[in-house]
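In what follows, a single structure is set out as C-alpha cells and then discussed.
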C-alpha cells in the first residue's frame, strides 16, 4: 500500500484536523453550525490526493459551555465512499479574556486514528479554530499582531485586512472583506510558515464565506455551502 511522505502527512494533519477531547464542562445550549465544502489544491495538494481525500464536506461549529467558555471546531469528512474517515481541529476559548484555553486535533484515515491535545492558556494566542472566531468577533481595521499556536509551538503573526468584494449570502448580496494571518519575522523567534485567509461577510454574524489555510505548496479551501 502506498504511503505518503511523513512530512507531507504531518503538514496535512496540522491543517485538516478526531473526536474532540472531552470539554472540561458540559456543553450548554446549542450554538452555531456553518456548513462548507472543502477541497485540496496546489502542487502538494495534488500529491496528497494520491493518499488522502481531496474534497468533501465540513462544518465550523461554535457552542457555549456552562463555564462561560466556548468551543470552536472545524470538522472535515471525506467525500462519498470514504465512510468513517474524518479530520477535526478545535479549541476551547475564554471569550472574556480572549485566551485559547486548550487546542486539539485528531483524525481517522484508512484504519489509523490519532488524537492530540495541548493546554495553551496564553493571552493573545490563537490557533486556527479560535483565530477564525477571534477575527469574527473583532475584525481589525488595520494591521494587528497576534500569536498563533501550531503543532505545540507559538509563533508571532500579523493580521492584515484586505480588499472587499460582493457575494450572495442566503440569496442576498453582501459585502465580503478579506483578512489574512501571516507569519511575522522576528530575529529572536521562529517564523510561522503557514497562512490563514478569511473572507468575512458584512452581516451581524461576520459569516466566514471562505476559509483558506495554506502551508508550503498546498491549500485547504473551504467555501460556504449554499
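The values are calculated or read from the model by the stated rules, or taken from the named source; none is laboratory data. Values in this document were obtained by computation on a predicted structure and should not be read as measured data. In this analysis, Cβ positions are derived from the backbone assuming ideal geometry, glycine residues included, and neighbour counts consider all displayed protein chains.
What to note about this one:
- Residue in the range 132-140 that is out of contact with any helix residue (DSSP H, G or I) (no Cβ under 8 Å at 6 or more places or on another chain), assigned to a loop (DSSP other than H, G, I, E, B) and closer than 21 Å to residue 63 by Cβ present: yes
- Cβ pairs under 8 Å, 6+ apart, first in the range 91-111 and at positive phi and in a strand (DSSP E or B), second at pLDDT below 80 and surrounded by fewer than 21 Cβ atoms within 10 Å (Cβ to Cβ): none
- Residue check, residue 165 closer than 27 Å to residue 223 by Cβ, in contact with a strand residue (DSSP E or B) (Cβ under 9 Å, 6 or more places away or on another chain) and in a strand (DSSP E or B): yes
- Among the residues of the range 175-188, those that are part of a strand (DSSP E or B) and buried (at least 16 other Cβ atoms within 10 Å of the Cβ) comprise 176, 177, 178, 179, 180, 181, 182, 183.
- Residue among 147, 172 that alone is over 17 Å from residue 35 (Cβ atoms), modelled with pLDDT of 90 or more and either exposed (fewer than 13 other Cβ atoms within 10 Å of the Cβ) or out of contact with any strand residue (DSSP E or B) (no Cβ under 9 Å at 6 or more places or on another chain) (or both): 172
- Tabulated pairs, the range 62-84, first at negative phi and loosely packed, with under 14 Cβ neighbours inside 10 Å, second modelled with pLDDT under 90 and in a strand (DSSP E or B), C-beta under 8 angstrom, 6+ apart or interchain: 66/27
- Residue in the range 151-161 that is closer than 23 Å to residue 76 by Cα and either modelled with pLDDT of 95 or more or part of a strand (DSSP E or B) (or both) present: no
- Unmet criterion (only one of (1) at pLDDT 85 or above; (2) surrounded by 14 or more Cβ atoms within 10 Å (Cβ to Cβ)) for residue 138: (2)
- Comparison of 65, 34, 60 shows that the only residue that is under 14 Å from the mean Cα position of the chain (by Cα), under 21 Å from residue 149 (Cβ atoms) and modelled with pLDDT of 90 or more is 60.
- Consider the range 195-217 and keep the residues that are surrounded by 21 or more Cβ atoms within 10 Å (Cβ to Cβ), touching a helix residue (DSSP H, G or I) at 6+ places or on another chain (Cβ under 8 Å) and under 22 Å from residue 55 (Cβ atoms). The one that is modelled with the lowest pLDDT is 213.
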